[in-house]
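S.K.: This is the structure I have questions about; it appears just below.
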Amino acid sequence: MNKTKHPFIKNVLTLMSGTAFAQLLSILASPLLSRIFTPEDFALQASFVSVTSLCLVFCSGKIEQAILLPEQNEDANDILRLSLWLCIIICCLLPFFIKITSLFNTAFEDLVNNKLIILTTIFILCSGICEILRVYFLRHKQFKAMSSRTVVSSIITVSLNLLCGYLMYSKKVLITSTTVAQIVVLFLFIILFIKIYKKIENCKFNFKLSNVKNVLKQYWQFPVFIMPGQVFNVFTTHIPVLLLSSYYSATEIGYYAFINKVINVPFSVIIGSLTQVFLQKFINTSKEQRLPLYLKTSFILFGIIIIPAVICVIIAPPLIRIIFGSIWEPSATIARVLAPMLVIRFALTPMEGAAATAQKKLWVSFSMQLLRFVSVLIAVIVSIKLRFSFDLAIFTYSMGLALFYFAYYLWEIILLKKEKSQIVDKEITLE
């Protein structure tokens, strides 16, 4: 048992260490970047990140996720080939999609007005291929190589942002640096892929139409179910930029994008780690003890986060002014309005989906992503229709998220209570 656990934990830590280092580097560079770039620059970067994140979901139909499933490598290669071709074909159409969408969406319009269509397409193409190869590397357990390339990407991005921003400032630097880093990572991925493919597969990289039909027939559920779920997830995450940018100033969007990134990077790392640890412990816990563990963990996490959160809310303005510069002090208000949602997220989301996963109710994931999307969309539409101030609009958005987290939490408690009552009824019947 220990032998099987050890490599798993080692692989998880290897991947997490690369991600954690990359995100830590990004956070450490923030005080410098905030003194070089303006809120409007970060607003443009936020538009770029939102648009590319949304487009990336469609690149391969998420069919690359199926690369991990086949027993035979040749079957996995067929999925790999189809994913790569879909990514290339869709990226050829992206400039037209961006241009058309820019007619009614400000985030897309920002990219068109700043002549970033080609750069955006290149980034999406490189990122899409990297994501496909990443799944392929997971199949062949290339964890250390994946982690190191994440670090390389972060170092290149941060270095170029600082050097180019200081020496040859342009509002496009943040986007150009990210794209250059992604091109370098793709190059490194291709080198690794060629080495693995020659060593393991020992065959030519052929592409047959008959194989494509077989892949689509066998794994059709990935583009049909997984892709829409991820579209909802991405859109929910980036909805303040994708929708609110049409009704509020670039400066306000920039304040939100910057402070949201600074807060969410450490939050995501911590919550991700807590989720993995809790899920493993939850599944290995007896069904009778799952509900007490679920409730106890949420209360402990709430107790851990509430005091630091209150302190940060109180000292937010001077803290942000000292660390990031006086120009960013207005973002303290945004940090404060996000605080209640962040507390609820920290306390509840590490347990999110645990009961459904343990009971193998995997359809719940898609349903919950849809519910999350709808709740946030309603909150944003209400803000727009009632012409709320930007701070109030962000608060309404965050409360939509908070209500979803709490509803999901209560729903899983109901699931666990039902599971426990079924066990008790079964024991009574046996007696």
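The values are calculated or read from the model by the stated rules, or taken from the named source; none is laboratory data. Here the structure is a predicted model, which is why all the values come from computation and not from measurement. Positions of Cβ are backbone-derived with ideal geometry, glycine not excepted, and every protein chain shown enters the neighbour counts. All accessible areas refer to the heavy atoms of the entire protein, side chains included, with ligands and DNA or RNA removed. Shrake-Rupley method; radii C 1.70, N 1.55, O 1.52, S 1.80 Å.
S.K.: With each label point set 7 Å from Cα along the Cα-Cβ vector, what nm distance links SER367 and ILE322?
M.R.: Those two pseudo-labels are separated by 4.9 nm.
S.K.: For the pair LYS171 and PHE104, what calculated FRET efficiency results from E = 1/(1 + (r/R0)^6), where r is the Cβ-Cβ distance and R0 = 25 Å, to the nearest 0.05? Please list the in-between numbers first.
M.R.: Details: r = 23 Å, r/R0 = 0.94.
Using R0 = 25 Å, I get an efficiency of 0.60.
S.K.: How big is the charge dipole of the chain about its Cα centre, in debye rounded to the nearest 20, if each Lys and Arg gets +1 on its Cβ and each Asp and Glu gets -1 on its Cβ?
M.R.: With Lys and Arg at +1 and Asp and Glu at -1, about 880 debye.
S.K.: At R0 = 30 Å, how high is the FRET efficiency between GLU71 and VAL152 if r is their beta carbon distance? Nearest 0.05 is fine.
M.R.: Working: r = 33 Å, r/R0 = 1.09.
Between GLU71 and VAL152 the formula returns 0.40.
S.K.: How much of the accessible area of the chain, in percent, comes from carbon and sulfur atoms when a 1.4 Å probe is used? Intermediate values should be presented prior to the final figure.
M.R.: Values: 15160 of 21990 Å².
Within the chain, the accessible surface is 69 percent carbon and sulfur.
S.K.: Give the peptides 106-119, 317-330 in descending order of average Cβ contacts within 10 Å, highest first. Don't jump to the answer; show the numbers that get you there.
M.R.: Values: 106-119: 18.4, 317-330: 15.6.
In descending order of packing, they fall as 106-119, 317-330.
S.K.: Here's another thing I want to ask about it. Of LEU274, ALA250, LEU295, which is farthest along the charge dipole of the chain in the positive direction, counting Lys and Arg as +1 and Asp and Glu as -1 at C-beta?
M.R.: Most positive-ward Cα: LEU274.
S.K.: Could I ask something else about it? Report the residue, chosen from LEU192, LEU44, LEU125, that carries the largest GNM mean-square fluctuation when the chain is represented by alpha-carbon nodes joined by springs under 10 Å.
M.R.: Of LEU192, LEU44, LEU125, the Gaussian network model singles out LEU192 as fluctuating most.
S.K.: Each label point is 7 Å from the Cα along the Cα-to-Cβ direction; what then is the distance between the points at ILE311 and ILE183, in nm?
M.R.: 4.5 nm
S.K.: Then there is this: Find how much the distance from LEU392 to ARG35 grows on full extension, using 0.36 nm per residue of separation minus their present alpha carbon separation; answer in nm with one decimal. Walk me through the intermediate numbers first.
M.R.: Numbers: separation 357, 0.36 × 357 = 128.52 nm, distance 2.68 nm.
Contour length minus the Cα-Cα distance gives 125.8 nm.
S.K.: Follow-up. Taking every pair of alpha-carbon atoms in the chain, what share in percent sits in each 20 Å bin, from 0 to the bin with the longest distance?
M.R.: It works out to 22, 57, 20, 1, in whole percents.
S.K.: Something else now. Looking at the square roots a ≥ b ≥ c of the eigenvalues of the Cα gyration tensor of the range 281-338, which shape do they give, rounded for a/c under 1.5, prolate if a/b is larger than b/c, or oblate? Numbers along the way, then the final one.
M.R.: Working: a/c = 4.64, a/b = 3.85, b/c = 1.20.
In terms of gyration-tensor shape, prolate.
S.K.: Taking a probe of 1.4 Å, how large is the accessible area per residue of the range 50-161, in Å²?
M.R.: On the way: 4610 Å² over 112 residues.
The answer is 41 Å² per residue.
S.K.: Cα atoms only, the range 98-196: Rg and Dmax in Å?
M.R.: Rg and Dmax of the range 98-196, Cα atoms, are 15.6, 45 Å.
S.K.: Moving on to the next point. Per the Kirkwood treatment, what hydrodynamic radius in Å, one decimal, follows for the range 35-174 from the mean inverse distance over all distinct Cα pairs? Walk me through the intermediate numbers first.
M.R.: On the way: mean 1/r = 0.0600 Å⁻¹.
Averaging 1/r across every pair of different Cα atoms and inverting gives 16.7 Å.
S.K.: In deg cm²/dmol and to the nearest 500, what is the mean residue ellipticity at 222 nm of the chain if only DSSP H runs of at least 4 residues count, each as -39500 (n - 2.57), divided by the residue total?
M.R.: Working: 15 runs with 350 residues, N = 431.
Calculated at 222 nm, the ellipticity per residue is -28500 deg cm²/dmol.
S.K.: Once fully extended, how much extra length lies between TRP220 and LEU93, figured as 0.36 nm per residue of separation less the alpha-carbon to alpha-carbon distance? Walk me through the intermediate numbers first.
M.R.: Details: separation 127, 0.36 × 127 = 45.72 nm, distance 2.22 nm.
Length gained between TRP220 and LEU93: 43.5 nm.
S.K.: How much length, in nm to one decimal, is gained on full extension between ILE378 and ILE190, taken as 0.36 nm per residue of separation minus their Cα-Cα distance? Could you put the intermediate results ahead of the total?
M.R.: Values: separation 188, 0.36 × 188 = 67.68 nm, distance 4.29 nm.
Stretched out fully, the ILE378 to ILE190 stretch lengthens by 63.4 nm.
S.K.: Keeping all protein chains in place and using 1.4 angstrom, which order do LEU80, LEU295 fall into by accessible surface area, from largest down? Mind dumping the intermediate values first?
M.R.: Details: LEU80 0, LEU295 55 Å².
My answer, sorted largest first, is LEU295, LEU80.
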